[in-house]
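Reviewing the structure listed below.
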Amino acid sequence: MGTFLLLMAQAGAVGGELTEAAGEGGFGLNTNILDANLINLAIIISVLFIFGRRVLGNTLQERRERIASAIQTAEQRTKDAAAALAEQQQKLAQAQAEAERIKKAAEGNAQKAREAILAQAAVDVERMKETAASDLNTEREKAIAQLRQKVVAMALQKAESELRTGIADDAQHTLIDRSIALLGGS
């Protein structure tokens with residue numbers, strides 16, 4: 001502020017000198033360097049104010065437009081990013097739904113396979129039981145056949161031994177009568 005007052009005071013002094021020089025009636029050379037500098041400074045400031053205002057205004061306007069353009073670009077990028085995010089979230093939801101569907105299908109297939117294996121195992125167990133029962137019946141029949149053979153062999157032995165020792169007459173008659181009755185003749 002003090003510099004401005006100093007400049008004003010000097011400008012007033014320069015104005016006084018100019019009137020004195022004009023009063024003398026001639027054109028002269030101002031040898032006072034400070035007075036000449038103030039006039040030059042006032043001219044430069046005026047020129048800068050008049051022309052600089054346009055240049056500075058244009059520069060500021062261009063900068064404002066660049067900033068507005070950058071903001072619009074950033075907003076557009078934000079919108080694009082939000083749209084891409086929404087799309088990727090939708091794809092993620094679809095992928096999760098597909099994974100859940102595949103998981104349920106796999107569980108269903110596993111349950112069906114389990115049931116099929118259990119059914120086959122039950123059939124196999126039943127077949128094994130039947131085979132075991134058949135084998136048991138076959139073994140029983142073999143054992144019965146062997147017992148019959150032994151009984152027949154023992155009966156033949158006993159009959160042969162009794163034939164050798166002889167049969168009593170009443171036993172012989174009883175045996176013959178029984179044999180005839182069995183044959184159907186009474």
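Tabulated results
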quantity: Stretch gain in nm, segment H173-A97, where the contour uses 0.36 nm per residue and the Cα spacing is subtracted; calculated: 17.4 nm
quantity: Karplus 3J(HN,Hα) series, Hz, for region 71-86 with 6.51 cos²θ - 1.76 cosθ + 1.60 (x for Gly, Pro); calculated: 5, 4, 4, 5, 5, 5, 4, 4, 5, 4, 5, 5, 5, 5, 4, 4
quantity: Phi-based couplings in Hz for region 97-106 (Karplus 6.51, -1.76, 1.60; Gly and Pro marked x); calculated: 5, 5, 5, 5, 5, 5, 4, 5, 5, 5
quantity: Phi to ³J(HN,Hα) by Karplus 6.51 cos²θ - 1.76 cosθ + 1.60 over region 42-58, Hz, x for Gly, Pro; calculated: 5, 5, 5, 5, 5, 4, 4, 5, 6, 7, x, 4, 5, 5, 5, x, 4
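Read-outs: derived from the displayed coordinates by stated rules, not from any lab. This structure is a prediction, so every number in the text was calculated from the model and none was measured.
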